[in-house]
1. Each residue of the range 78-87 in order: what ³J(HN,Hα) in whole Hz does its phi give by Karplus 6.51 cos²θ - 1.76 cosθ + 1.60, θ = phi - 60°, with x for Gly and Pro?
2. May I ask you to give the solvent-accessible area per residue for the chain, in square angstrom, as obtained with a 1.4 angstrom probe?
3. Helix 178-189: angle to the longest alpha-carbon principal axis of the chain, degrees 0 to 90, nearest 10?
4. Could you work out the relative contact order of the range 1-95, using alpha carbon pairs under 8 angstrom and six or more residues apart, expressed as a whole percent?
5. To one decimal place, what orientation-averaged projected area in nm² is obtained for the convex hull of the Cα set of the chain?
6. Figure the gain on full extension for THR219 and GLU350 (residue separation times 0.36 nm, minus the Cα-Cα span) and round it to one decimal in nm.
7. Which aspartates and glutamates, on any chain, are close to LYS361 with Cα under 16 Å apart, when same-chain ones fewer than 8 places away are left out?
8. Given labels modelled 7 Å from the Cα in the Cβ direction, how far is it in nm from ALA261 to GLU188?
Amino acid sequence: MLAILHPDTPLDSDAYRQTLHFLEHLPGVSVKVHEVEGAVQRLTELYLLGDTKSLDKDEIEALPAVERVIRISDDYRILGRHRDDQRQSGFTYNGVEFSQNNLNLFAGLCAVDNQEHVDIMMRELAAHGQHCTRMGAYKPRTNPYSFQGHGKSCLPWVFETAGKHDIRVIAMEITHESHIEEIDECLEKLGRPTGVMLQVGTRNTQNFELLKAIGRQKTYPVLLKRGFGITLNESLNAAEYLASEGNANVVFCLRGMKTDAGSPHRNMVDFAHVPTVKRLTRMPVCIDPSHSVGSRDAAPDGIPDVMHATAQGVVAGANMVLVDFHPRPEKALVDGPQALLMEELPAYLEDVNQCHQLWKKRQEIYRKTGVTATT
Ligand code: PEP
Ligand code: MN
């Protein structure tokens, strides 16, 4: 059961003390406090865990600090959607809104290689009105002898270049909790010219200690990749780990499933799950067509498979697209064969935008039928 308190309830008020005192003395029930820092107000949510079946909803709703009570299922307590649950989805970070209704494009380098390529990439994005990008500094590689990313050493020039081009959010994978501090120290030293969304890669979806460490900090939102060989439920529970530690600013990313059945694509594209994740949880949903498809191959219609896969996800309501571009893919140190070219950026943006508009029009078609969605 979840008790949502009146917005901005002071934690030192009598109303709060009395409410907490009552709830903490319910037999067989423990209370977990979760703070939601919104753009205009702070919300305190009290999760009642344990033997809550016999609790009287009206009695708890009558407590002085409580605004409303929601009965929640056991799954995805914080990030999930529950019956009569009108809680908002998403969050705003560094001036960029992430929700289940809008769309942000994160085109960029799979791996940071040199300053020139980072500058070209960010300049082109800025020229096309984009404020987000992807930049890999810590690269988890299958082969221990492959390039592992420049790590901490590239952060200063990546962040400074981002600031120069008004890039506000960089999706950056981290593979160890020490990387959070490296990123934080560097940003702080530079006066925070940009922001970072911490990316958890598919190989780390169930690295619970890493998830807990990322969840304990609230400075940076998180992009959690779906695990490539586990169920959707297991990956959604991984997202809940972040929220249960305190950070519910999570975007969930579909990136394809590892199976030979997906061949010749690198992974089996799983973008039919975009609306499913939005139905089960309040997280904005991202798609990664580059790591799903894995090549620049094009269909006879002249449209590359990466674009086709992107269209599938965006028409289905995706809220973020993480996609590899590179000014010189043949020189890229990681994943060059799947990188799109800078010349392809304008067409890609137009395609993505049209697909997003089509998703909105599709909602209109179904709204007219008057049939309400089941959740
Ligand atoms: C990436 O986005 O660079 C990446 C390594 O993706 P994934 O974890 O999905 O393989
Ligand atoms: Mn990659």
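The values are calculated or read from the model by the stated rules, or taken from the named source; none is laboratory data. Owing to the predicted nature of the structure, the values given are computational and were not obtained by experimental measurement. Every residue, glycine as well, gets a Cβ built from its backbone with ideal geometry; the counts of neighbours run over all protein chains shown. Just so you know, the surface numbers come from the protein's heavy atoms only, side chains and all, with ligands and any DNA or RNA stripped out. Shrake-Rupley method; radii C 1.70, N 1.55, O 1.52, S 1.80 Å.
1. Those phi angles translate into 8, 8, x, 9, 10, 4, 6, 9, 9, 4 Hz.
2. Numbers: 17150 Å² over 375 residues.
Heavy-atom accessible area per residue stands at 46 Å².
3. 80
4. Numbers: 133 pairs, mean separation 33.4, N = 95.
The value is 35 percent.
5. Numbers: hull surface 82.2 nm².
Averaged projected hull area, Cα only: 20.6 nm².
6. Working: separation 131, 0.36 × 131 = 47.16 nm, distance 3.26 nm.
This chain segment gains 43.9 nm when fully extended.
7. Partners within reach: ASP351.
8. Roughly 4.8 nm, to one decimal.
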